[in-house]
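Colleague: Structure below; questions to follow.
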Amino acid sequence: MPRLIRILTMLSLSLWGVQSFGQYIQGKITDENKKYLAYASIYVKNSTKGVSADQRGFYFMELPAGTYTIVFSFIGYTNQEYEVVISSGKPVKLDVQMFPETSTLYAAEVVADTRDRGEEIMKNVRDKRKYYFDRVGEYACETYMKTSLEKELMRPSKKDTIHEEGDTTEVVKRGINGHFKREKLNLIETVSTTYFRSPGRYKEVVSAHHDYAERPGSGEPGRSIHMGSGMDDFGSKNIAPVSHASDNPYILFEDFSKADLNFYQNLIEFSAVSQKPLLSPIALNSGLSYRFDYKGSFIEDNRRIYEIDVTPLFKSGALFEGKIFVEDSTWALVTVDLQINRDVLLYCNEFRVIQNYSHYENDQLVPIRRELTYTIKDGKYDILGNTRVEHHNYDFHPEIERGFFNAEVKQYTDDAFDKDSAY
């Protein structure tokens, strides 16, 4: 039985601008009853390239021209593998039907051994937690963030949709109420420099911000910018207008200061998602709240990587569930792919975070990619949110002026809102 043996460097799908990519693979994933499999995993075999299907089982993945073995995985279902040839400029459509696993006896027989091995590995990770936490005192890095929001009708009526026979593509028609089955709400891109100083102080200097949201009724892109007169440092009214990006309650991750997703902390504060602090799976006392099962190992970039299943012992606790990938000997996190327990979510039905780490000089271990996907129920609609963050060019000895870290956590350069999409 094929097994998921590669780190998922997830690029969760967004339907914005699909046609702009030269070559890609896309399709629907369904179960034995032809019902959609939400959040199934799709990855390129023997690589770290992968994506996650959306709530309706739809997936989309960019790939350079070439021949690939694509693996489809979902918990409780047998993995499916397909060889795909992708030509330059030609997209490939591949719909996949998955079936439940039938050979579960072997897993039941070895579960005790895998749990012991998983607990042993995670004990080593916990023992190195504080070491890696203390190695990062401050840094500056370049950050790219893209956030997309879509509104989807949970149960569209037949009169609002058209299906063409012989084609699995669904054509969505505007109904009398003026809504689409899936409506684009926001696509926001920012480029910034992120500054950090321990413990937990962040500040971003945004050099480019663009909001591609459509203006209602016009179909033209707009920006969520408000102009108004502000106050200067002495409490006097400024003559010059001040621009700022507006808040959107459905965008849950905008400022690192409000959501420090550092799993090397014992507790993770994310007030927009959960009122309770979330216990990290590698926290000092995490062994009392989680079960860890060893799923196997593989070699990547001359490193042995362990795959660990993370299961919360208390379904109503402020805990995570999913997978952790750990490097042998260094016991450093390589990737976390975790969901938050539903019972503690404030507004979301689902919330998933995928984070990839990299070693830098002097054993600094920092995230280089973050992916957050979530669903919020809003009446008869689902709000589908996706935020992708990429960090690069870390500087662990930045020149930071005294007083730089203050009440202002995000600062925009004068021309941040004037940069076009080519920036």
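The values are calculated or read from the model by the stated rules, or taken from the named source; none is laboratory data. Note that this is a predicted model, so its numbers are computed, not measured. We place every Cβ from the backbone using ideal geometry, glycine too, and count neighbours over all the protein chains shown.
Colleague: For the range 372-384, which positions are surrounded by fewer than 19 Cβ atoms within 10 Å (Cβ to Cβ) and among the charged types (D, E, K, R)?
Modeller: K377, D378, K380
Colleague: Return only the number of the condition from (1) at pLDDT below 95; (2) of a type in the set (V, I, T); (3) assigned by TED's automatic domain parsing to the domain that holds K377 that V111 does not satisfy.
Modeller: (3)
Colleague: For residues that are among the aromatic types (F, W, Y) and touching a residue at least 40 places away in the same chain (Cβ under 8 Å), scanning just the range 36-67, find the one that is farthest from I299 (Cα to Cα). First the steps, then the outcome.
Modeller: Step one: of the range 36-67, the residues among the aromatic types (F, W, Y) are 36, 39, 43, 58-60.
From what's left, touching a residue at least 40 places away in the same chain (Cβ under 8 Å): 39, 58-60.
On the way: Y39: 26, F58: 30, Y59: 27, F60: 27 Å.
It comes out as F58.
Colleague: Out of curiosity, is Y144 among the hydroxyl-bearing types (S, T, Y), in a helix (DSSP H, G or I) and at pLDDT 75 or above?
Modeller: So Y144 fails the test.
Colleague: Next question. Determine whether E408 is among the acidic types (D, E) and outside any loop (DSSP other than H, G, I, E, B).
Modeller: no
Colleague: Please verify whether N349 is exposed (fewer than 15 other Cβ atoms within 10 Å of the Cβ), part of a strand (DSSP E or B) and assigned by TED's automatic domain parsing to the domain that holds N248, treating the condition exactly as stated.
Modeller: It is true that N349 is exposed (fewer than 15 other Cβ atoms within 10 Å of the Cβ), part of a strand (DSSP E or B) and assigned by TED's automatic domain parsing to the domain that holds N248.
Colleague: Working only within the range 366-401, note down all residues that are under 21 Å from the mean Cα position of the chain (by Cα) and aromatic (F, W, Y).
Modeller: Y374, Y394, listed by residue number.
Colleague: Another one. Which of the residues spanning the range 385-408 are surrounded by 13 or more Cβ atoms within 10 Å (Cβ to Cβ) and at pLDDT 90 or above?
Modeller: G385, T387, V389, E390, H391, Y394, D395, F396, P398, I400, F404, F405
Colleague: Then there is this: Conditions first: (1) closer than 25 Å to D382 by Cβ; (2) in contact with a Ser or Thr (Cβ under 6 Å, 6 or more places away or on another chain); (3) surrounded by fewer than 16 Cβ atoms within 10 Å (Cβ to Cβ). L313 passes all but one, so which condition is the exception?
Modeller: All conditions pass for L313, except number (1).
Colleague: Go through the range 315-326 and give me each residue that's modelled with pLDDT of 95 or more and either small (G, A, S) or assigned to a loop (DSSP other than H, G, I, E, B) (or both).
Modeller: Scanning the range 315-326 gives G317, A318, L319.
Colleague: Could you please tell me which pairs satisfy a Cβ distance under 8 Å, a separation of 6+ or placement on different chains, a first residue in the range 367-393 that is in contact (Cβ under 8 Å) with a residue 60 or more places away in the chain and outside the structural domain of K184 (by TED's automatic domain parsing), and a second residue that is crowded, with 20+ Cβ neighbours inside 10 Å and not in a strand (DSSP E or B)?
Modeller: Matching pairs, first to second residue: none at all.
Colleague: Now for a different question. Identify, please: which residue in the range 263-306 is aliphatic (A, V, I, L, M) and over 30 Å from I251 (Cα atoms) and is, among those, surrounded by the most Cβ atoms within 10 Å (Cβ to Cβ)? Before you say what the answer is, go through the steps one by one.
Modeller: Just the residues of the range 263-306 that are aliphatic (A, V, I, L, M), to begin with: 267-268, 272-273, 278-279, 282-284, 288, 299, 305.
Subset that is over 30 Å from I251 (Cα atoms): 284, 288, 299, 305.
Details: L284: 13, L288: 10, I299: 9, I305: 20.
The extreme case among them is I305.
Colleague: Here's something else I'd like to know. Only one of G27, G17, G50 is surrounded by fewer than 16 Cβ atoms within 10 Å (Cβ to Cβ) and either at pLDDT 60 or above or more than 17 Å from V336 (Cβ to Cβ) (or both). Can you tell me which? Give the steps one after another, and end with the answer.
Modeller: Working: G27 fails: surrounded by fewer than 16 Cβ atoms within 10 Å (Cβ to Cβ); G50 fails: surrounded by fewer than 16 Cβ atoms within 10 Å (Cβ to Cβ).
Sole residue among the options that is surrounded by fewer than 16 Cβ atoms within 10 Å (Cβ to Cβ) and either at pLDDT 60 or above or more than 17 Å from V336 (Cβ to Cβ) (or both): G17.
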